[in-house]
Amino acid sequence: MLNTNRRVFMMQVAVGSTAVIASQAMAQSMVNEKDPQAAALAYVADTTKVDAKKYPKHAAAQKCLNCQLYTGKPADASGGCALFAGKLVAANGWCSAYVKKA
Ligand code: SF4
């Protein structure tokens with residue numbers, strides 16, 4: 001009887017651990033502005049922080065949220081971007097590859 005209870009307990013722990021690992025793998029992390037790819041594209045998490053001298057064509061209304069490459073939902077604070085696979089960009093972010101959503 002004791003062995004059966006122990007076996008059931010161990011199975012429950014194994015199933016629980018697998019679920020935690022799976023949920024962690026699914027959670028995507030935010031793009032870091034200092035990541036090489038992000039830095040190369042001048043990505044910033046806040047479009048108001050764009051260097052206006054370097055990017056004179058940038059406008060405050062340009063943000064990931066209304067970029068063609070953004071795959072997030074309009075109400076979300078962050079979402080996917082075709083250029084940063086497996087990561088999230090801020091809805092209010094911007095990078096030099098910005099393309100206005102049609
Ligand atoms: Fe944001 Fe568009 Fe640049 Fe992706 S390509 S980081 S959605 S501005």
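No value in this document is a laboratory result; all are computed from the given coordinates. Values in this document were obtained by computation on a predicted structure and should not be read as measured data. Don't worry about glycine lacking a Cβ; one is built from the backbone with ideal geometry, like all the others, and counts go over all protein chains shown.
A compact table of results
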| quantity | calculated |
| --- | --- |
| Where a label projected 7 Å from the Cα of Leu69 along Cα→Cβ would reach, residues of segment 26-51 with amide N under 12 Å | 37-44 |
| Cβ-derived FRET efficiency at R0 30 Å, Lys53 paired with Met30, nearest 0.05 | 0.70 |
| Selected from Gly72, Ala91, His58, residue furthest toward positive end of dipole (segment 31-102; charges at beta carbon) | His58 |
| Amide proton proximity set for Ser78, modelled H, under 5 Å, gap of 5+ | Ala91 |
| Built amide H within the under 5 Å cut-off of Met30, gap 5+ | Leu88 |
| Percent RCO, i.e. relative contact order, over segment 60-102, from Cα pairs under 8 Å lying at least 6 residues apart | 45 percent |
| Candidate lysines for bridging to Lys73, where Cα separation is under 17 Å - those fewer than 8 sequence places away on the same chain excluded | Lys63, Lys87, Lys100, Lys101 |
| Hz values of 3J(HN,Hα) by residue in segment 93-100 - Karplus curve (6.51, -1.76, 1.60), Gly and Pro given as x | x, 6, 8, 5, 8, 3, 10, 4 |
| 3J(HN,Hα) from dihedral phi, segment 55-69, Karplus parametrisation 6.51/-1.76/1.60, rounded to Hz, x for glycine, proline | 10, x, 7, 5, 10, 4, 6, 7, 8, 3, 3, 10, 9, 4, 8 |
| Debye log10 I(q)/I(0) for segment 31-102, one point scatterer per Cα, at q = 0.15, 0.17, 0.19, 0.21 Å⁻¹ | -0.40, -0.52, -0.66, -0.81 |
